[in-house]
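Q: Next up is a structure, given as C-alpha cells.
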Amino acid sequence: MNLKFMMQHTVQREASCMGIGLHSGAKVTMKLRPAPPNFGVRFRRMDLGHHPAVIAHAHYVVNTALATSIGSNGTTVSTIEHLMAALYVRSIDNVLIELDGPEVPIFDGSAAPLLEILTRAGLKEQTARRQCMVITRPMFLREGDAFIKATPGDHFQVRYTIDFPHPLVGKQTLRWSFNEATFGRDIARARTFGFLKDVEKLQSHGLAQGGSLANAVVFDDFGILNQDGFRYIDECVRHKILDFMGDLALAGKPMLGRFEVHKAGHALHTAFIRQLLSRPGQHSIATQNYMPASYFPFTSPQPICGPNPAFG
Ligand SMILES: [Zn+2]
C-alpha cells in the first residue's frame, strides 16, 4: 500500500509560467495556487471582471471540437486536458489555476513542461482522505466505429487504438498501466498532432492561430513536417492516452478499472465519463485506503502493434 496517496494533496507553493494559447495564439500567464481539501481543480479567469471560476468537472464541458473546454455562466476555459492529465498523475486533488486568457498555454504540445511546473509547485499532503471511483460493472459506449469499454480491474489500465490512413501513423495500439514514473518517461512527452490540410482549414477560420511545429506534430500527405521527427515511433497513440487521462480526470476522482478505447477523441471521452457518472450502478466510490497496492504497478507500456510497417 502506498500510504502517501491515501490522503488528498494540493500544491506546496504558488508557481507561475507563461506560454501561448493553441487556438487564440495569444500570450497567457498561468498561476497555480494551493487550495483546501475537497476544493477540486478550478480555473479562474483573471482577465475578466470579478474573476469568474469554472470547476474542472465533466458536468461543465462545453466544447470538445479541437480540445476540451469547460464553461459556466458564459465563462470558458479551453485546452485543459494536458494539465488535467499532469495533475491526475501527480495526485493533485485540489488546486486553483489562474489564467489571464481563455486557454491553458500549449507549451510544446505535450504534458512534459506541465510536469516541470508541478515539480516546481511541489506536493503537499492534506488532512482529508482521497476517494477513488471503482468500476464495478462493464460499460460500453460506441459512436460509429469508435468505442470505449470499461471493465472492473484492480488497477488503472488503458489499451488505446488509433487508425489513421497515413503512411507514418496507420494502426497503433498501446497498453499502459497507471504509474507516475512511466507517465513522465513514456506518455507525457508525446505531442499533439494534426494534418496540414486540417491545420490550414482551421487557421483560415481563425482557429489554431498559435499552432506551429513548435507545439504539434504536423503531417502532410506523405510524411512529417517536423525536422526532428517523432519523439516516439508511436507518438500519436501515446498522445491519445495523455488526452484520455486528462479527460478522465474530469470525473473528479482517480479511477480504478480497465479501459479499452478505439479511435475515440475528446467528444467520446467526455460523453463516456458523463454516462458513467449518470449511472451510479456502474461504479462505486471508495476511499483511497481500499485501493490495492497494484494501483501503482511499476510496468512499462506494452506496444501491441506499431505504425504500419508496409508504409513506415
Ligand atoms: Zn492533446
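None of the figures in this text is laboratory data; all of them are computed from the coordinates on show. In this text the structure is predicted, and so the values were computed from the model without any measurement. Don't worry about glycine lacking a Cβ; one is built from the backbone with ideal geometry, like all the others, and counts go over all protein chains shown.
Q: Roughly speaking, what is the stretch gain from residue 100 to residue 146, that is 0.36 nm per residue apart minus the C-alpha to C-alpha distance, in nm to one decimal?
A: Numbers: separation 46, 0.36 × 46 = 16.56 nm, distance 3.59 nm.
Length gained, residue 100 through residue 146: 13.0 nm.
Q: Size of the dipole of the chain about the Cα centre, Lys and Arg at +1 and Asp and Glu at -1 on the beta carbon, nothing else charged, in debye to 20? Please list the in-between numbers first.
A: On the way: 32 positive and 26 negative charges, 190 e Å.
That gives a dipole near 920 debye.
Q: Relative contact order of region 194-283, please, whole-number percent, based on alpha carbon pairs below 8 angstrom and at least 6 residues apart. Don't skip to the end; give the middle numbers.
A: Values: 46 pairs, mean separation 17.7, N = 90.
Result for region 194-283 is 20 percent.
Q: Give me the Kirkwood hydrodynamic radius of the chain, using the inverse of the mean 1/r over all pairs of distinct Cα atoms, in Å to one decimal. Before the final figure, lay out each step's value.
A: Numbers: mean 1/r = 0.0509 Å⁻¹.
Radius from the Kirkwood sum: 19.7 Å.
Q: Would you mind telling me the antiparallel percentage of the DSSP bridges in region 108-230, rounded to 5?
A: 80
Q: May I ask you to compute the full-extension gain from residue 222 to residue 108, defined as 0.36 nm times their residue separation minus their alpha-carbon distance, rounded to one decimal in nm?
A: Length difference between fully extended and current span is 38.7 nm.
Q: Using only Cα atoms, locate the centre of region 237-285 and the centre of region 100-138, then give the distance between them in Å, rounded to an integer.
A: 15
Q: Relative contact order for the chain: what is it in percent, counting Cα pairs under 8 Å that are at least 6 residues apart?
A: RCO, the chain: 26 percent.
Q: For the chain, modelled as a Gaussian network with Cα springs under 10 Å, which listed residue fluctuates most, 270, 119, 127?
A: Residue with maximal mean-square fluctuation among 270, 119, 127: 127.
Q: What is the set of long-range amide H partners of residue 103 at a cut-off below 5 Å, with H atoms built 1.01 Å from backbone N?
A: So residue 103 has HN proximity to 78.
Q: Give me the number: length gained by fully extending residue 171 to residue 205, i.e. 0.36 nm times residue separation minus the C-alpha to C-alpha distance, one decimal in nm.
A: Result: 9.2 nm gained on full extension.
Q: In a Gaussian network model over the chain where Cα atoms closer than 10 Å are linked, find which of 222, 244, 147 has the largest mean-square fluctuation.
A: Ranking 222, 244, 147 by mean-square fluctuation puts 222 first.
Q: With a cut-off of 15 Å, note down the residues of region 63-95 whose backbone N falls inside the zone around a label point 7 Å from the Cα of residue 198 toward its beta carbon.
A: Answer for this model: 64-68.
Q: Further question: Express as a percent, rounded to the nearest 5, the fraction of DSSP beta bridges in the chain (both residues included) that run antiparallel.
A: DSSP beta bridges in the chain are roughly 75 percent antiparallel.
Q: Please compute the modelled spin-label separation between residue 267 and residue 213, points set 7 Å along Cα→Cβ, answer in nm with one decimal.
A: 3.1
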